[in-house]
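**Q** Encoded as structure tokens, here's the structure I'll be asking about.
The values are calculated or read from the model by the stated rules, or taken from the named source; none is laboratory data. This is a predicted model, so every value here is computed, not measured. Note that we place each Cβ from the backbone using ideal geometry, even for glycine, and neighbour counts take in every protein chain shown. These area figures cover heavy atoms from the full protein model, side chains too; ligands, DNA and RNA do not enter into them. Shrake-Rupley method; radii C 1.70, N 1.55, O 1.52, S 1.80 Å.
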Amino acid sequence: MEWHDGKPRCRWANPDNPRYLQYHDEEWGVPVYDDAKLFEMLILENFQAGLSWECVLNKWGVFRRAFDGFDLEKVCAYDVSAPVIK
């Protein structure tokens, strides 16, 4: 489907959400081989199970802060029995 800006996009991309369009145009469907990026996307995909992907994208920065920049070593060291207060 061709959009008003001339770019071909899927119908699911929300034209009113610049972050969503940026994700569609620059990230969606692009193979990723970087382990850190794959870990980040794994975390985000887990939240997508209960939320829309658009909602997850809109909160990406919040997830990044909550998961210490998606730093695998830091996340692995989380004490899941301790209350989370930030």
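**Q** So if each residue of separation counts as 0.36 nm, and I subtract the Cα-Cα distance between Ala36 and Cys55, what length gain in nm does that give? Present the calculation step by step, with values, prior to reporting the outcome.
**A** On the way: separation 19, 0.36 × 19 = 6.84 nm, distance 2.18 nm.
Full extension of this stretch gives 4.7 nm more.
**Q** If r is the Cβ-Cβ distance from Ala82 to Lys7 and R0 is 41 Å, what FRET efficiency results, to the nearest 0.05?
**A** Numbers: r = 46 Å, r/R0 = 1.13.
Between Ala82 and Lys7 the formula returns 0.30.
**Q** A further question follows. Helix 35-48 against the longest principal axis of the chain: what's the angle in degrees, Cα atoms only, rounded to the nearest 10?
**A** On a 0 to 90 degree scale, this one is about 80.
**Q** Can you tell me the accessible area per residue over the chain, all protein chains present, probe 1.4 angstrom, in square angstrom?
**A** Numbers: 6310 Å² over 86 residues.
That works out to 73 Å² per residue.
**Q** In addition: Pop the C-beta distance of Arg19 and Glu73 into the FRET formula with R0 = 25 Å and round what comes out to the nearest 0.05.
**A** Values: r = 28 Å, r/R0 = 1.11.
Once rounded, the FRET efficiency stands at 0.35.
**Q** If you compute log10 I(q)/I(0) by the Debye sum over Cα atoms at q = 0.12 Å⁻¹ for the structure shown, which of (i) -0.54; (ii) -0.39; (iii) -0.45 do you land on?
**A** (iii)
**Q** Quick one: with all protein chains in place, what share of the accessible area of the chain is carbon or sulfur, to the nearest percent (1.4 Å probe)? Show your work: numbers first, answer last.
**A** Working: 3660 of 6310 Å².
Result for the chain: 58 percent of the exposed heavy-atom area is carbon or sulfur.
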